[in-house]
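Shown next, in structure tokens, is the structure this report addresses.
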Amino acid sequence: MSDSVCDKTNPVALAESPNGGFLNASELPMAVGQIVGAQPVFDLHTHLFAPRFGALNLWGIDELLNYHYLIAELFRSSGAGPEKYFSLDKSAQADLIWEELFVRSTPLSEATRGVIAVLSAFNLDTRAPDLREARAFFAECDPQEHIETVFRLAGVSDVVMTNDPLDPVESQIWERSDALDPRFHAALRTDGILNQWDSGWMAIASKGFDVDGDLTESTVAGVRRFFDSVIERMRPLYLAVSLPDTFDFPEDSARGRLIKQVILPVCRAHNLPFAMMIGVRRAVNPAIGLAGDGLGRSDMGAVNRLCAENPDVRFLVTMLSRENQHELCVSARKFSNLLPFGCWWFLNNPSIIEEITRERIELLGATFVPQHSDARILEQLIYKWKHSRRIIANALTEAFENLIADGRPVTRDEIARDAERLLSGNFKNWVGLQN
């Protein structure tokens, strides 16, 4: 080997050196897996509710099986149609889904495997012919203790709920003075106002605010006062909306004017990010309810214009179409006020999550949030984060292997730093929970 200072040591040999605690390539998979597996997750978007919300806090085997992903699979995999399914009570619906998707079929899909992973986590029979054992187990669970167990098994420290300020049940609960479990954080969902203004303004007016269907100056001021009052009560980490694939900005519509005249000023005034989940097509098959929504490719130009025209507003963005993912990464490279997050809804499948996560690492380094659970039922946290951690660890391992091959060794501390950023730190910084 040459003695020239320009002839550097073989990068693999350097990585294998014990000096500085550098890891060699063969040690990486286990080290990354252990570190990612041990890192607590701050789950930035769920549909879970704290115990204070009573019946809105969904858990147990009947809720797990009546998940809309499984409902859609039921109709595809059996002769049971919507009319039969929706005529049954919840327990009978769960029995039907278990029989058709888990007994008479092999549970190969991500959604069915998720149920298997949950049952396995509680040492329940994953090949049971019926639900008697599972129902008996969950019936014995103390709700508060069960939350502790699920959070521990999932490795989750905090979750962000989805809170509708127009929902009459939620509104009554927010008006109570009892403390909210500090691990459950609010997110102020604005769909009922932005996407359904014709009914949304009436709901706001019914709460005593001076608004009407015309977006006059007085109505805009009234809607802002409504948001001010809700934010004071909920203390949300961000405002959020789910948007169709046809979303545009600027847009000559009630939604477009409300975003410009209400949402963006409210975000500035309260220093809150605006989360946009873009790409849903509602009721592609209305006969099967929530299970009948679809997706479409969206125009990233709307996001680019929002970021460019509002550099003082922070945006959280996830796109539902796989075809939008590269554009979202490129936009995030251009706008420091844009944070891509998660693999939403129909993208929440291992093969697609892996592709998107690798692409984001290649384009953005560790400056994004790789996943959120979108969990609607408490126990879903277990399988969604089990599956996602494995994929995130694999993508990070490949990235570190490439880094070593290019001549830059890494340590366990560096891996831990990046895992913390991806699974909690980036989001906490974005919403001001840590410096």
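What the table below lists for this structure:
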| quantity | calculated |
| --- | --- |
| Selected residue [small (G, A, S) and not in a loop (DSSP other than H, G, I, E, B)] from S351, S373 | S351 |
| Residue within the range 207-218 that is within 26 Å of M277 (Cβ to Cβ), assigned to a helix (DSSP H, G or I), among the hydrophobic types (A, V, I, L, M, F, W, C) and in contact (Cβ under 8 Å) with a residue 12 or more places away in the chain present | no |
| Residues of the range 80-93 satisfying the condition of being touching a residue at least 12 places away in the same chain (Cβ under 8 Å) and farther than 21 Å from P286 by Cα | S91 |
| Meets criteria (in contact with a Phe, Trp or Tyr (Cβ under 9 Å, 6 or more places away or on another chain), in the same structural domain as E379 (by TED's automatic domain parsing) and either surrounded by fewer than 14 Cβ atoms within 10 Å (Cβ to Cβ) or free of Cβ contacts under 8 Å to residues at least 60 places away in the same chain (or both)) for T126 | no |
| The range 33-45 residues that are outside any helix (DSSP H, G or I), paired with ones that are of a type in the set (K, R) (beta carbon under 7 Å, 6 or more apart) | F42/K428 |
| Matching residues, the range 129-150, being touching a residue at least 60 places away in the same chain (Cβ under 8 Å) and basic (K, R) | R135 |
| Hey, L153 buried (at least 17 other Cβ atoms within 10 Å of the Cβ) and in contact (Cβ under 8 Å) with a residue 24 or more places away in the chain or not | yes |
| Test set (1) more than 16 Å from E420 (Cα to Cα); (2) touching a residue at least 60 places away in the same chain (Cβ under 8 Å) - F341 fails condition number | (1) |
| Members of the range 55-83 that are in a helix (DSSP H, G or I) and among the hydroxyl-bearing types (S, T, Y) | Y69, S77 |
| Matching residues, the range 219-261, being assigned to a loop (DSSP other than H, G, I, E, B) and farther than 30 Å from R52 by Cβ | D245, T246, F247, D248, F249, P250, E251, D252, S253 |
| Pairs where the first residue, in the range 46-61, is more than 11 Å from F184 (Cβ to Cβ) and surrounded by fewer than 20 Cβ atoms within 10 Å (Cβ to Cβ) and the second is polar (S, T, N, Q) and at pLDDT 95 or above, C-beta under 7 Å, 6+ apart | H47/T162 |
| Residue in the range 337-347 that is in a helix (DSSP H, G or I) and either at pLDDT 95 or above or of a type in the set (G, A, S) (or both) present | no |
| Long-range neighbours under 7 Å by Cβ, at least six apart or interchain, first residue within 21 Å of S336 (Cβ to Cβ) within the range 414-431, second in a helix (DSSP H, G or I) and not polar (S, T, N, Q) | D418/L396; L422/I392 |
| Among the residues listed as S120, S105, S171, S78, the single one being surrounded by fewer than 17 Cβ atoms within 10 Å (Cβ to Cβ) and either farther than 30 Å from F42 by Cβ or in contact with a strand residue (DSSP E or B) (Cβ under 6 Å, 6 or more places away or on another chain) (or both) | S105 |
| Scope the range 299-311; condition closer than 20 Å to R257 by Cβ and assigned to a loop (DSSP other than H, G, I, E, B); matching residues | D299, N310 |
| Positions within the range 125-144 being modelled with pLDDT of 95 or more, under 26 Å from R183 (Cβ atoms) and part of a helix (DSSP H, G or I), in sequence order | A134, F137, F138, A139 |
| Complete set of residues in the range 108-117 that are surrounded by 17 or more Cβ atoms within 10 Å (Cβ to Cβ) and without any contact (Cβ under 8 Å) to a residue 24 or more places away in the chain | none |
| Count of the range 360-415 residues which are of a type in the set (S, T, N, Q) and touching a helix residue (DSSP H, G or I) at 6+ places or on another chain (Cβ under 6 Å) | 4 |
| Qualifying residue in the range 116-124 (condition: part of a helix (DSSP H, G or I), of a type outside the set (A, V, I, L, M) and on the phi < 0 side of the Ramachandran plot) | yes |
| Flag if A187 is under 17 Å from S373 (Cβ atoms), within 24 Å of the chain's Cα centre (by Cα), in contact (Cβ under 8 Å) with a residue 12 or more places away in the chain and in the same structural domain as M276 (by TED's automatic domain parsing) | yes |
| Whichever residue in the range 269-289 is buried (at least 19 other Cβ atoms within 10 Å of the Cβ) and either aliphatic (A, V, I, L, M) or closer than 30 Å to S87 by Cα (or both) and, among such residues, is modelled with the lowest pLDDT | I288 |
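For (1) at pLDDT 95 or above; (2) among the aliphatic types (A, V, I, L, M), each residue gets a yes or a no:
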residue: G256; (1), (2): yes, no
residue: C267; (1), (2): yes, no
residue: G296; (1), (2): no, no
residue: V303; (1), (2): yes, yes
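The values are calculated or read from the model by the stated rules, or taken from the named source; none is laboratory data. Note that the coordinates shown come from a computational prediction; the quantities given were computed from them, not determined experimentally. Please note: Cβ atoms are built from the backbone with ideal geometry, for glycine as well, and neighbour counts cover all protein chains shown.
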